[in-house]
Amino acid sequence: MTTIAMEVKPEITVPQSVNPIRLLLPVAPPSAILLTASPPHAPLPFASCCQIGVVSALVGASMELFMIKTGFYDKVTVLESEKRAWENSPEAQAVREALNPWRRNNAEGTEKS
């Protein structure tokens, strides 16, 4: 019969002031690693910021000009007025009441009071 010699290691004790979960984590939390791993970025020069602003303003102005030339605002005005007229009609009120999931609760609440 062969015997195997085993080395007995002393049990590691952790002081109560140390969080045992912290022992399993790397030295720095992952968020700190990500923040320090990227190189610092140089701020944009003032001239580049002005160019970005001018280009953005030109794009916005061209979109507005396109919407005015194609009659977009006229179409939207007509659609909105039709929508408001339908919302104020008795048909829309009936549909709103029929689709209201609390209509029974509201009716019971008014009867009790």
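No lab work stands behind these numbers, since they all come straight from the coordinates. Just so you know, these numbers come straight off a predicted model, no measurement behind them. Backbone-built Cβ (ideal geometry, glycine too); neighbour counts: all protein chains shown.
Using 1/(1 + (r/R0)^6) with R0 = 30 angstrom and r between the beta carbons of TRP86 and GLU64, what's the FRET efficiency to the nearest 0.05?
Plugging the Cβ-Cβ distance into 1/(1 + (r/R0)^6) gives 0.55.
For the range 46-112, what class follows from the C-alpha gyration tensor (a ≥ b ≥ c being the square roots of its eigenvalues): rounded when a/c is under 1.5, otherwise prolate if a/b is larger than b/c, else oblate?
Values: a/c = 7.62, a/b = 2.39, b/c = 3.19.
Because a/c hits 1.5 or more and a/b fails to exceed b/c, the range 46-112 counts as oblate.
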